[in-house]
Amino acid sequence: MRILGIETSCDETSAAVVDDGVKIISNIVASQTDIHKQFGGVVPEIASRRHVELILPTVQKALDEAGCTLKEIDCIGVINRPGLIGALIVGVAAAKTIAYAANLPLVAVHHLEAHICANWLVSSDIKFPLVCLVVSGGHSDLILMSDFGKYEILARTRDDAAGECFDKCARVMGLGYPGGPMIDKLAKEGNPHTIRFPRAKVGDSLDFSFSGLKTAVIRYMETASAQTSIPDVAASFQQAVVDVLVDHTFRAVEERGVGQVLLAGGVAANSGLQAAIKAKGQELGIAVNAPPPALCTDNAAMAAAAAFFAYGRGERAGLDLDSFASERIG
């Protein structure tokens with residue numbers, strides 16, 4: 001089954017063609033990073049207007065690269081929740097229009113489910129039940145997945161998401177936007193044990209809290225001297241985030257008795273996190289899967305993968321499909 005995926009939930013305009021939910025035929029991503037960099041973050045109105053300009057050329061490029069036309073597409077999958085509402089509306093409007101014109105079934109996709117399903121684009125050795133750590137600019141969630149479409153939230157952030165914390169701390173370090181990749185790169189040059197930043201615990205729960213860590217980094221940088229090693233600050237900050245994410249993930253694994261962990265979301269592209277969680281999994285005999293960086297960040301291939309599995313569950317969307325800025329998974 002050949003799916004055309006469409007993704008416009010934030011500042012990436014993306015379209016992809018994927019076969020049977022697992023084989024990428026094309027995956028086109030038009031980034032707006034250079035536009036938003038000057039503002040230090042994504043400006044929703046600018047992102048929406050840019051999506052309008054890019055969406056149809058991006059869809060056409062995905063079809064051209066796949067060597068097919070709409071006549072060879074079996075279904076359209078589009079991310080309609082959660083995300084920037086103006087940005088989502090553009091992708092959903094395009095998907096509904098194409099579905100109507102080409103007489104194709106339409107499937108609505110949850111953004112977090114798409115991130116999770118990116119794992120099936122690179123691995124067939126995934127067994128339920130499993131624990132998935134979804135970490136991005138807007139989400140830090142631990143999810144128990146018993147099957148496709150069956151999710152139980154085990155933990156979420158009480159305040160800042162991990163990706164948001166990366167971006168804000170990168171800003172006070174003078175690294176600019178986007179902060180995550182810059183901190184990851186700089187951390188490789190630093191000593192992660194130089195500064196003991198806090199690792200917050202929320203009682204006995206598995207929930208995350210990163211606002212205290214963010215504040216600690218801001219306060220440290222306010223008193224830093226010209227001789228302060230930014231690589232050491234970046235490495236120490238990143239280690240604090242990674243320690244908490246890894247600890248909570250494997251506590252969830254132990255509590256639920258599962259044998260597999262999936263990583264998903266933009267922060268899952270962080271090399272320090274991937275290395276640490278894979279090392280801990282190997283130590284404990286727990287299988288760990290993580291997509292490559294290009295499939296961790298927002299892309300339409302993951303939307304097409306999720307749409308394939310949703311279509312198999314009998315899910316269909318009508319031409320009255322709406323967009324939602326916020327909606328829990330599961």
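For this structure, a couple of remarks:
- Of all the residues in the range 67-96, those that are within 16 Å of Val29 (Cα to Cα) and free of Cβ contacts under 8 Å to residues at least 60 places away in the same chain number 0.
- Looking across the range 1-44, the residues that are at pLDDT 95 or above, of a type in the set (D, E, K, R) and surrounded by fewer than 17 Cβ atoms within 10 Å (Cβ to Cβ) come down to Asp19, Asp20, Lys23.
- One residue from Ile183, Ile218 being surrounded by 20 or more Cβ atoms within 10 Å (Cβ to Cβ), β-branched (Val, Ile, Thr) and not in a loop (DSSP other than H, G, I, E, B): Ile183
- The requirement of being within 16 Å of Thr33 (Cα to Cα) and either in contact with a Cys (Cβ under 7 Å, 6 or more places away or on another chain) or of a type in the set (Phe, Trp, Tyr) (or both) is satisfied by Tyr177.
- In the range 252-261, the residues that are closer than 14 Å to Ile153 by Cα and under 22 Å from the mean Cα position of the chain (by Cα): Ala252, Val253
- Of the residues screened, Ala301 is not one that is within 18 Å of Leu144 (Cα to Cα) and either aliphatic (A, V, I, L, M) or in a helix (DSSP H, G or I) (or both).
- Matching entry among Ala87, Ala118 (being modelled with pLDDT of 95 or more, assigned to a helix (DSSP H, G or I) and under 13 Å from Phe148 (Cα atoms)): Ala118
Per-residue answers, yes or no, for (1) assigned by TED's automatic domain parsing to the domain that holds His111; (2) buried (at least 23 other Cβ atoms within 10 Å of the Cβ); (3) more than 26 Å from Thr97 (Cα to Cα):
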residue	(1), (2), (3)
Ala252	no, no, yes
Ala279	no, no, yes
Ala306	yes, yes, no
Ser326	no, no, no
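- Complete set of residues in the range 296-317 that are under 14 Å from Leu262 (Cα atoms) and out of contact with any strand residue (DSSP E or B) (no Cβ under 8 Å at 6 or more places or on another chain): none
- Flag if Gly190 is buried (at least 21 other Cβ atoms within 10 Å of the Cβ), of a type outside the set (Lys, Arg) and assigned to a loop (DSSP other than H, G, I, E, B): yes
The values are calculated or read from the model by the stated rules, or taken from the named source; none is laboratory data. Computed from a prediction, not measured in an experiment: that's the story for all the values here. Quick reminder, even Gly has a Cβ in these numbers, built from the backbone with ideal geometry, and neighbours come from all protein chains shown.
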